[in-house]
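These notes concern the structure reproduced below.
Here, each number is a calculation from the coordinates, and none is a lab measurement. Nothing here was measured: the structure is a model prediction, and the numbers come from that model. Neighbour counts run over all protein chains shown; Cβ positions are idealised from the backbone, glycine included.
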Amino acid sequence: MHYGPYEEAEQSYQKLMTWIGEKGLQVKGPIREIYHNNPQEVKPEEILTEILAPVG
């Protein structure tokens with residue numbers, strides 16, 4: 001889960017990829033994002049993005 005502006009999501013992606021590697025897993029398909037709120041309706045620091053990576 002990434003909290004904050006989309007421009008800062010790289011850190012969340014890096015943490016996810018590190019965790020996947022530490023578990024001995026590999027990404028097995030396209031990574032997806034789910035946007036839980038509208039950036040036009042909330043402050044940038046309140047943006048909530050779920051990052052999903054299928055692994056195996």
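Assorted remarks:
- The residue that is farthest from Gly4 (Cα to Cα), among those in the range 15-52 that are touching a Gly at 6+ places or on another chain (Cβ under 9 Å) and among the polar types (S, T, N, Q), is Gln26.
- Evaluation of Val55 against the conditions (1) in contact (Cβ under 8 Å) with a residue 12 or more places away in the chain; (2) within 13 Å of Gly4 (Cβ to Cβ); (3) of a type in the set (Val, Ile, Thr) shows that the sole unmet condition is (2).
- Restricting the range 5-39 to residues that are of a type in the set (A, V, I, L, M) and outside any helix (DSSP H, G or I), the residue that is nearest to Thr49 (Cα to Cα): Ile34
- Residue within the range 12-32 that is of a type in the set (Ser, Thr, Tyr) and touching a helix residue (DSSP H, G or I) at 6+ places or on another chain (Cβ under 8 Å) present: no
- So Glu10, is it loosely packed, with under 10 Cβ neighbours inside 10 Å and without any contact (Cβ under 8 Å) to a residue 12 or more places away in the chain: no
- Glu50 passes every criterion in (1) touching a helix residue (DSSP H, G or I) at 6+ places or on another chain (Cβ under 8 Å); (2) in a strand (DSSP E or B) apart from (1).
- Meets criteria (among the β-branched types (Val, Ile, Thr) and surrounded by 12 or more Cβ atoms within 10 Å (Cβ to Cβ)) for Ile34: no
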